[in-house]
Structures are given as structure tokens and as C-alpha cells.
Amino acid sequence: MKVLSGIFSLLWKCYIGIVFCALALVLYPFFFIVLLSPKGKKSSFRLFVFWSWLMRIFCFYPVKKVSVAQQPNGPYVIVANHSSYLDIFLMHSILPKHPFLFLGKSEILSYPIIRTYFKG
């Protein structure tokens, strides 16, 4: 049973990786065009929200709101615990009305595609 569970887990991770890569490749030209303009930051956030919703739909990740709390006036810091890498993609669909940016190591910017997404 443990072997079967491991095989299913590997297949699931491969599926998520394929969905992520496919969406990244399809949306990359849109991000690239939007980020050519300094005013494109707001539009890029909306693209990230769209991408996040697509990830949730294609990967079957529902998000259940337990309670709704009043948002404090900004600025504030939201910390993701990285229990998985999906928290980066799900945060945009959880907080779609509050534009935010992620912080990351400067070494990440050496990868051209990732650099484009981090500009957003």
C-alpha cells in the first residue's frame, strides 16, 4: 500500500508540475508585454490572480474560508510558511483585492523567466 501511495504521490506532483509549466509558458508573453511599461504592475497583479485561479481549478485545490476578518490598514507583511510551493500561487487567489509582492533571494533573479515573474 505504501508503494502504491508513493506512486500516486509522484504522479500527482508530475501533474501539478505539468500544469504549472503549461500555464507559465502560456501566460509568459502576457506578463512580458504588461511589464514593459512601468504602469504594468497593477495589470500584472491581475494576471497573477488569474494564474492563481487557473492553478486552483486545474489542480482541484479548493480554498475554504473559515471566517472573514476585517483587513487592517496597510502596509503589513504576510508570511507564507512554505509548507509547500503552492502557497506562492494560491496567495493571489486568496487575497485578490490586496496587491502585494513577494520577497526572495537575489540569486533567483539570475533565471530570466523567474526574473520576469518576480518583477510583477
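Each value in this text was obtained by applying a stated rule to the coordinates, not by laboratory testing. In this text, all values refer to a predicted model and were calculated from it rather than measured experimentally. Because the Cβ atoms are built from the backbone with ideal geometry, glycine has one as well, and the counts that use them run over all protein chains shown.
Observations on the model:
- Scoring 28-39, 45-56 by mean Cβ neighbours within 10 Å over their residues and listing the highest first yields 45-56, 28-39.
- With 0.36 nm allotted per residue and the present C-alpha distance subtracted, the Y15-K2 stretch has 2.7 nm of extension available.
- Segment L109-V63, extension gain: residue separation times 0.36 nm, minus the distance between their alpha carbons: 13.5 nm
- In this Cβ point-charge picture (+1 for Lys and Arg, -1 for Asp and Glu), the chain has a dipole of about 240 debye about its Cα centre.
- Per-peptide packing, taken as the mean over residues of other Cβ atoms within 10 Å, places 104-112, 17-25, 89-97 in the sequence 89-97, 17-25, 104-112 from highest down.
- Helix 41-58 vs. the chain, principal-axis angle (Cα, 0 to 90°, nearest 10): 10 degrees
- With kT/(6 pi eta Rh) evaluated at 10 °C and eta = 1.306 mPa s, and Rh the Kirkwood radius from Cα pairs, the chain diffuses with a coefficient of 98 µm²/s according to Stokes-Einstein.
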